Amino acid sequence: MVTSSLMLGGLGVVVVVTACVAWIMLEAVAPDVLPALTTVLGIAVGVVSLEVVLGTCLATLGAFLYNFSAQYSGGVEIAVTDGLTGPTPTTAQALLLIARARARVRRHLRAYVRLRGAGAVRRPLEDHDSRIRTGGTQPAEARPEADGPGNTGGGELRQPWT
């Protein structure tokens, strides 16, 4: 609560000073068009004080809700230290569990890929394509008429525009 009120108070001072500077600049450009400086500063101070009060209330409510939820969910642990001493025992244990889980997943995936890959042996692509084009198990050279008129090649598919 104190931190949020101090931060919002500082922001309020910046807003009041900015309103004063803006009034001075606009008064130099167009004199006697704006209301008096005391009126502008009064409105600015009123808005800023309302902002500080409501902002402090909202920040305090947010901190309360975070602490309340962190009590049940564990929250986020943030440690600010001067020296780098290494991970805490809890962090070290969590990192060790993560490393073991990664190793198990890798072993499982390697075994899975090995088992699935064993039956995935295919014949060369040319043999497969020639059987599809000729309609049987004979090679494409034995039946050149299957490729169409004027094409006496050995089972090649030619596009009409070539």
Taking the stretch 1-110 and dividing mean pair separation by its residue count, relative contact order in percent (alpha carbons under 8 Å, at least six apart): 30
Theoretical FRET efficiency, 1/(1+(r/R0)^6), r = Cβ-Cβ of residue 58 and residue 113, R0 35 Å, to 0.05: 0.05
Cα-projected label distance for residue 90 with residue 104, points at 7 Å along beta-carbon direction, nm: 2.2
Contour minus Cα-Cα distance for residue 7 and residue 45 (0.36 nm per residue): 12.1 nm
Stretch gain in nm, segment residue 70-residue 14, where the contour uses 0.36 nm per residue and the Cα spacing is subtracted: 16.8 nm
Net lengthening on full extension, residue 97/residue 21 (0.36 nm per residue, minus Cα-Cα): 21.5 nm
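Bear in mind these aren't lab numbers, they're just calculated from the coordinates by the rules spelled out. Every value quoted in this text rests on a predicted model; they were computed, and no experiment measured them. FYI the Cβ positions are ideal-geometry reconstructions off the backbone, even for glycines, and counts take in every protein chain you see.
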